[in-house]
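Inspection log for the structure reproduced underneath, given as structure tokens.
The values are calculated or read from the model by the stated rules, or taken from the named source; none is laboratory data. All values derive from a computational prediction rather than experimental measurement. All Cβ positions, glycine included, derive from the backbone under ideal geometry; neighbour counts span all protein chains shown. Heads up: the accessible areas ignore ligands, DNA and RNA and are worked out on the full protein's heavy atoms, side chains in. Shrake-Rupley method; radii C 1.70, N 1.55, O 1.52, S 1.80 Å.
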Amino acid sequence: MKRSFFNIKKIIIKLMGLIMRVILSKKQLKNFLNKKTSVFQFSLFSFTSFCSFIADYLMFSLLSVCGFNFLFSQGCARLLGGGVSFYMNRNYSFKNDSNKLNIQIRRFIILYIISYNLSLILINFFYMQLSFSLVFSKLTSDLFCFVFNFCIMKVYVYGHFNFLINKYKK
């Protein structure tokens with residue numbers, strides 16, 4: 001079990017590195033990996049994620065206790081959690097006060113959909129294909145999506161994404 005876990009860990013790390021190298025130029029990758037900025041942003045992102053989780057959980061609990069259907073409660077809770085995440089990440093984690101709010105909302109929704117589907121694919125892969133326990137599969141897929149979301153939010157949702165257009169125009 002340990003051996004296959006470390007192989008999967010290496011594969012995930014290499015995959016993330018490949019994705020970042022394809023998307024970013026060397027200079028942008030160096031800026032992205034700036035330890036001081038990235039560690040601070042990652043800490044804020046983690047705190048924001050925790051606040052989003054609390055808002056989600058409280059809304060779900062409140063609506064469930066009030067007798068609403070669990071799917072309705074989950075839907076409302078996810079919307080609130082997503083709203084808290086967007087607001088806090090925009091204003092605190094990545095401090096982006098540009099006037100491109102509509103673009104950032106669209107990018108956030110795209111990331112949300114991709115991340116949701118990625119989590120389903122990963123949990124299925126770890127649980128069904130690699131026969132890891134369900135809890136370990138969920139934790140692993142959630143951790144991967146957490147790091148993936150941080151990277152994409154930093155570069156795409158709240159970052160300056162125009163470099164991709166310029167990179168491939170040549």
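Summary of values
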item	result
Given (1) more than 25 Å from VAL39 (Cα to Cα); (2) surrounded by 14 or more Cβ atoms within 10 Å (Cβ to Cβ), number of the condition ASN117 does not satisfy	(2)
Condition check for SER131: on the phi > 0 side of the Ramachandran plot and either touching a Lys or Arg at 6+ places or on another chain (Cβ under 9 Å) or part of a loop (DSSP other than H, G, I, E, B) (or both)	yes
Any hit, the stretch 138-155, residues being over 24 Å from SER38 (Cβ atoms) and not basic (Lys, Arg)	no
Matching residues in the stretch 120-146 - criterion: being β-branched (Val, Ile, Thr) and crowded, with 16+ Cβ neighbours inside 10 Å	ILE123, THR140
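Residue-wise test of (1) open to solvent by 40 Å² or more (accessible area, probe 1.4 Å); (2) free of Cβ contacts under 8 Å to residues at least 40 places away in the same chain; (3) assigned to a helix (DSSP H, G or I); (4) touching a strand residue (DSSP E or B) at 6+ places or on another chain (Cβ under 7 Å).
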position: LEU44; (1), (2), (3), (4): yes, no, yes, no
position: PHE50; (1), (2), (3), (4): yes, yes, yes, no
position: PHE53; (1), (2), (3), (4): yes, yes, yes, no
position: LEU63; (1), (2), (3), (4): no, yes, yes, no
position: GLY67; (1), (2), (3), (4): yes, yes, no, no
position: LEU71; (1), (2), (3), (4): yes, yes, yes, no
position: LEU80; (1), (2), (3), (4): yes, yes, yes, no
position: VAL84; (1), (2), (3), (4): no, yes, yes, no
